[in-house]
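So the structure is just underneath, and the comments pick up after that.
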Amino acid sequence: QQQQLQQQQQLQQPQRWQNQPKAETLASVLQAVRPDWTGKDLLAVQDKLLKVSIRSSDELFRQLQAEGVSGLNSRLKAAGQKCLKVETLEALRAYGSRTATVPVDGA
């Protein structure tokens, strides 16, 4: 029970990522691609992505590049989540391609 509480607290705290001082937050990327989404929508999508271990915009872009739209939606479905619209994921992948940064950690 304490472990669940700690996990919930971690989800509520903003994530800090080293070597990414200029990286856009996941929320800002989602808002840029879907300006029609409300704050509640943005939180719901971020929570959905957390279920498949996507916590940052860079992780999202990497997953879309590696797995494609259908691969990410398959993972969401396997995690018991509703799929995101193909158009939304394609727009996110395109956004990531336009704003790609060079890894600074030597990876």
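The values are calculated or read from the model by the stated rules, or taken from the named source; none is laboratory data. Note that the structure is predicted; figures quoted are calculated from it, not measured. Because the Cβ atoms are built from the backbone with ideal geometry, glycine has one as well, and the counts that use them run over all protein chains shown. Side chains included, ligands, DNA and RNA excluded: accessible areas come from the protein's heavy atoms. Shrake-Rupley method; radii C 1.70, N 1.55, O 1.52, S 1.80 Å.
Can you give me the relative contact order of the range 58-101 as a percent, contacts being Cα pairs under 8 Å and 6 or more apart? Reported as a whole number, the value is 43 percent.
Summing +1 for each Lys or Arg and -1 for each Asp or Glu among the other residues whose beta-carbon sits under 12 angstrom from that of V52 gives +2.
Largest first, the extents of the alpha carbon coordinates of the range 55-94 on the three principal axes equal 24, 20, 15 Å. Accessible surface ranking for D36, D58, D47, 1.4 angstrom probe, highest first: D36, D47, D58.
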